[in-house]
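Taking it in order: structure first as structure tokens, then the write-up.
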Number of protein chains: 2
Amino acid sequence: MSQIVELFRQPLTVINVGLEAFAESVARQGAAVVDVDWRPPAAGYVDLDTVQGADVESANAEALRRILAGRPLLVGMGVAREVIPGFHDRLITHSGPPIAWERMSGPTRGAIIGALIYEGLAATPEEAEALAAGGEIEFAPCHHYGAVGPMAGIISPSMPVFIVRNEAFGALAYATQNEGLGRVLRYGAYGPEVIQRLRWMETVLYPALQRALAKTGPIDLRTMVAQALHMGDECHNRNKAGTSLFLRAIAPALVETSDAATAAAVLRFMDGNDHFFLNLSMAAMKAMLLPAENIPGCTVVTTMARNGTDWGIRVSATGDRWFTAPAPYVQGLWLPGYGPEDANPDIGDSAITETGGIGGFALAAAPAIVQFVGGTPRDALDTTLAMYEITVGEHSAFTIPALGFRGTPVGIDVRRVVETGITPRLNTGIAHKRPGVGMVGAGLVSAPMGCFTAAFEALREMGR
Amino acid sequence: MSQIVELFRQPLTVINVGLEAFAESVARQGAAVVDVDWRPPAAGYVDLDTVQGADVESANAEALRRILAGRPLLVGMGVAREVIPGFHDRLITHSGPPIAWERMSGPTRGAIIGALIYEGLAATPEEAEALAAGGEIEFAPCHHYGAVGPMAGIISPSMPVFIVRNEAFGALAYATQNEGLGRVLRYGAYGPEVIQRLRWMETVLYPALQRALAKTGPIDLRTMVAQALHMGDECHNRNKAGTSLFLRAIAPALVETSDAATAAAVLRFMDGNDHFFLNLSMAAMKAMLLPAENIPGCTVVTTMARNGTDWGIRVSATGDRWFTAPAPYVQGLWLPGYGPEDANPDIGDSAITETGGIGGFALAAAPAIVQFVGGTPRDALDTTLAMYEITVGEHSAFTIPALGFRGTPVGIDVRRVVETGITPRLNTGIAHKRPGVGMVGAGLVSAPMGCFTAAFEALREMGR
């Protein structure tokens with residue numbers, strides 16, 4: 001028992017509150033439990049029942065209600081500059097919290113270089129770097145535009161995006177099409193094959209999927225994620241089922257709206273990329289979390305995202321304010337020829353999946369993922385169980401068969417993170433630290449406590 | 001612990017040998033274990049180390065080796081009368097052991113009536129019944145022709161079949177295309193919509209899939225089953241992942257070899273039937289088990305099958321001889337408007353999946369299946385754990401992530417069934433007892449001990 005807790009507790013904390021509830025969670029699953037004595041909360045932790053006159057418990061319950069009521073539908077596609085409000089021809093969005101070119105990580109720089117070449121704004125990597133450093137291009141987080149991007153998360157004006165609408169609240173979210181694994185833009189690669197693939201995705205894949213979607217009508221992504229969780233996906237680093245279900249849903253209409261060669265090429269591309277569904281699950285989670293933003297007194301995390309340099313969170317009551325800490329390195333499995341010395345720190349908006357109650361939080365649904373990210377199926381189970389200790393509720397739509405169809409842990413409460421010393425656990429890809437290389441591995445990482453203690457402090461300072 | 005064992009022990013036995021190994025299996029998974037005292041084997045049980053001069057352990061090891069070495073490939077399709085050796089225009093094959101028209105169950109009769117109408121040999125159900133009872137039609141088990149059919153399992157001369165070849169041994173197996181759930185031939189329905197669907201499957205679905213297969217080349221079904229087991233299928237009553245993977249594998253070639261309307265119709269049909277993969281997984285298991293037949297001294301079960309009246313098994317050393325017992329009723333969940341009083345006893349060749357180490361034996365891989373067949377995810381886990389007690393080995397290709405990637409239990413040893421009192425556990429569909437109705441539910445059932453004691457007795461009588 002104490003072993004499990006140690007795994008998730010950050011070294012800077014010694015607190016232990018909530019362990020009894022955790023022990024109960026484990027006991028309910030039939031595992032042996034050894035109770036650990038209660039210890040006092042960490043220095044700096046205080047009870048926080050009221051923030052600026054609002055009752056925190058009520059506010060958090062409202063956030064949970066809104067998240068669970070969300071109904072994300074894939075309603076269409078479009079080109080970023082045309083469909084994302086506020087997007088413009090000199091804007092490039094990236095994953096994570098705001099960051100200037102000078103501090104950007106290798107993979108983010110690499111992906112921006114690739115995007116500038118793809119946009120025709122630069123002919124060579126050197127030209128692209130000079131342009132990026134020159135101040136003429138505006139950089140901003142995807143999250144500031146209702147968008148999410150895995151790894152470097154780059155969205156440039158000409159890139160096609162999926163449009164996901166949360167039917168219950170009208171919120172809109174956006175994400176690009178997934179390129180596959182290996183040497184791809186989002187991992188910082190920008191070679192000719194990367195640019196060529198992006199052009200094919202713009203001129204063949206996107207129009208074909210757009211035509212098919214016009215025929216299928218909106219596709220319910222919440223149902224698709226729910227089904228995928230019953231098929232061994234956690235919808236972050238394992239999307240084999242989600243990709244299969246999406247392919248099945250779109251294939252007939254695709255065939256009816258594209259010529260045979262195009263339809264076959266699109267089907268082969270999706271079949272060749274088990275991660276195709278990732279960007280859709282990310283946009284679905286973003287659309288479900290948007291309505292939980294800006295609730296007075298609410299200590300629930302609405303965004304977790306990393307730019308490869310900084311790890312950042314945003315909390316409902318504190319609105320658009322980012323709380324950051326240095327991005328940690330990921331423990332994982334490595335592609336042949338690579339190792340820890342090649343790795344960039346943690347990067348990507350894909351932590352939106354954990355924020356929404358899937359991904360690492362649903363790891364118990366995806367025991368086979370350990371072949372990709374490391375660890376054992378027992379670790380996968382324990383990861384999910386630990387996350388119940390820092391969340392405000394259990395999901396009504398997303399359930400885990402292996403836990404008796406228990407809902408996934410959802411709604412990270414900053415207070416419980418600080419109180420228990422357990423930070424959110426993610427699984428993620430690993431990018432090479434140098435621009436232009438690409439993927440080197442995949443693994444597991446715990447969010448840095450610094451984001452949460454900073455957010456907690458800010459909430460405390462807002463006053464009762 | 002004793003609760004779990006009670007669940008699988010037949011009332012007619014009191015033996016308990018092998019419990020320690022069972023306890024170990026459970027303990028290895030981290031569950032609480034209470035050891036039960038050893039009790040003497042049941043009356044009639046004797047050690048059986050040699051059969052007709054052959055060492056049983058060596059023979060069983062050889063059977064396991066052959067099963068595990070099997071490599072079933074979907075190599076093509078054809079029409080039953082043209083591709084199944086020995087098939088002829090007046091033959092109809094059915095599931096389970098041999099049975100005459102007079103003793104046939106309602107769903108088997110219903111499916112034969114439908115098949116005779118489909119073949120144009122009868123115009124009405126009454127004509128069909130008269131023809132079937134008249135002795136002009138030959139009835140035989142699918143298994144006598146290397147074929148397998150779910151539920152009633154009817155194969156008539158014009159029906160298209162998948163051809164699966166075990167590349168390691170050259171063995172060939174056959175199965176029809178799956179029709180879907182509800183009012184379908186294999187559940188005993190024979191209305192106009194059933195016949196119309198069968199004609200469409202013969203004239204549209206089959207030629208389209210055949211053309212696509214000619215383009216894809218052989219499809220590795222062992223790999224597909226292995227992947228599906230990591231995606232929440234057990235490949236008997238849950239085939240959502242297998243169906244998805246097959247659709248993904250065939251879709252591009254399908255699009256390239258059929259007109260758009262045909263390709264779209266075929267994709268919609270497969271997408272609308274999560275059980276489409278069942279017949280492929282059955283044929284794959286049959287192809288893997290065929291080389292284990294007729295090994296001198298081998299007490300491994302090579303066939304388990306039910307015709308809705310009798311439950312039958314065949315054992316390697318006793319060759320083509322069937323050992324039967326009355327088919328039991330299935331415990332399960334019911335379609336709206338139906339209940340236990342509507343149910344036919346257990347029926348179908350689909351027990352070939354359990355015989356090959358998947359289906360009920362891999363239930364731990366498919367916790368979500370309990371929504372379809374009843375029980376709890378814990379029951380699913382326990383079912384797989386119990387089956388290790390009656391099998392000769394663990395599968396090298398088929399593994400269960402939730403059990404730390406342990407191989408599925410495979411190779412049922414008649415001796416261990418009789419010794420432990422644990423019979424094979426299956427999950428299955430439930431057909432209405434009257435001809436012409438169709439599916440009424442799905443559930444779980446234990447094989448009747450009578451088949452195994454009869455086989456054990458025959459092996460013993462063969463002498464040392």
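Values quoted throughout were computed directly from the atomic coordinates according to the rules given, and no laboratory measurement underlies them. Just so it is clear, the structure is predicted and the values come from calculations on it, not from any experiment. Here Cβ is always computed from backbone atoms with ideal geometry, including for glycine, and neighbour counts include all displayed protein chains.
Between A:Asn307, A:Gly319, A:Ala343, the Cα set farthest toward the positive side of the dipole of the stretch A:294-354 (charges on each charged residue's Cβ, about the Cα centre) is that of A:Gly319.
3J(HN,Hα) couplings calculated from phi for the stretch B:416-423 with the Karplus curve 6.51 cos²θ - 1.76 cosθ + 1.60 (θ = phi - 60°) are, in sequence order, 6, 5, 5, 5, 8, x, 9, 9 Hz; Gly and Pro show x.
Placing a label point 7 Å from Cα along the Cα-to-Cβ axis, A:Pro336 is separated from the same position in the other copies by 5.5 nm, shortest listed first. Considering the stretch B:305-464 at the alpha-carbon level, its Rg and Dmax are found to be 16.0, 54 Å. The same position B:Ala458 in the other copies lies at 7.6 nm from this copy, comparing label points 7 Å beyond Cα toward the beta-carbon, shortest first. With the charge dipole of the protein assembly as shown set up from +1 on Lys and Arg Cβ and -1 on Asp and Glu Cβ about the Cα centre, the Cα lying farthest toward the positive end among the listed residues B:Thr376, B:Pro141, A:Thr124 is that of A:Thr124. Taking Cα centre as origin and charging only the Cβ of basic (Lys, Arg, +1) and acidic (Asp, Glu, -1) residues, the dipole magnitude of the stretch A:72-285 rounds to 460 debye. 3J(HN,Hα) couplings calculated from phi for the stretch A:94-103 with the Karplus curve 6.51 cos²θ - 1.76 cosθ + 1.60 (θ = phi - 60°) are, in sequence order, 9, 6, x, x, x, 7, 8, 3, 4, 9 Hz; Gly and Pro show x. Evaluated at q = 0.11, 0.12 Å⁻¹, a Debye calculation over the C-alpha positions of chain B (equal weights, vacuum) places log10 I(q)/I(0) at -0.81, -0.97. Working ranking of peptides A:414-424, A:47-57, A:205-215 by packing, defined as the average number of other Cβ atoms within 10 Å per residue, highest first, is A:414-424, A:205-215, A:47-57.
When the helices of chain B are scored as -39500 (n - 2.57) per DSSP H run of n ≥ 4 and the total is divided over every residue, the value at 222 nm lands at -10500 deg cm²/dmol. Summary for B:Pro192: label point 7 Å along Cα→Cβ; distances to the equivalent points in the other copies, ascending, 6.3 nm. Each of B:Met231, B:Leu221, B:Ala171 was placed along the dipole of the stretch B:72-285 (beta-carbon charges, centred on the mean Cα), and the one lying farthest toward the positive end is B:Met231.
Fewest neighbouring Cβ atoms within 10 Å first, the residues A:Lys433, B:Lys286, A:Lys240 line up as A:Lys433, A:Lys240, B:Lys286. Computed over the stretch B:72-285, the P(r) curve from all C-alpha pair distances, binned at 10 Å from the origin, holds 9, 36, 37, 16, 3 percent per bin. Please tell me which of these pairs span more than 32 angstrom C-alpha to C-alpha: A:Lys215/B:Lys286; B:Lys215/B:Lys240; B:Lys215/B:Lys433; A:Lys286/B:Lys215; A:Lys240/B:Lys433? Pairs exceeding 32 Å: A:Lys215/B:Lys286; B:Lys215/B:Lys433; A:Lys286/B:Lys215; A:Lys240/B:Lys433.
Between B:Ala168 and B:Tyr338, the modelled label-to-label distance comes to 3.7 nm, taking each label 7 Å out from Cα in the direction of the beta carbon.
Measuring from the axis that maps chain A onto chain B, the chain A residue with the nearest beta carbon and its rounded distance in angstrom come out as A:Ser244, 2.
A cut-off under 12 angstrom between Cβ atoms defines the neighbours of A:Pro192, and their net charge, with Lys, Arg +1 and Asp, Glu -1, is +2.
Going by Cα centres, the stretch B:134-205 and the stretch A:408-464 are how many Å apart? Distance between centres, Cα-based: 55 Å. Summarising the overall dimensions of the protein assembly as shown from its C-alpha atoms, the Rg and Dmax are 29.5, 92 angstrom.
Computed over the stretch A:289-355, relative contact order equals 34 percent, with contacts defined as Cα pairs under 8 Å that lie 6+ residues apart. Counting neighbouring Cβ atoms within 10 Å and putting the fewest first, the residues B:Glu62, A:Glu461 line up as A:Glu461, B:Glu62.
Computed about its Cα centre, the charge dipole of the protein assembly as shown is approximately 940 debye, with only Lys, Arg, Asp and Glu carrying charge at their Cβ.
For the stretch B:64-129, what is the convex hull (Cα atoms) projected area averaged across all directions, in square nanometres? Here the figure is 6.7 nm², rounded to one decimal.
Computed from the C-beta positions of A:Arg321 and A:Arg65, the FRET efficiency with R₀ = 25 Å rounds to 0.60.
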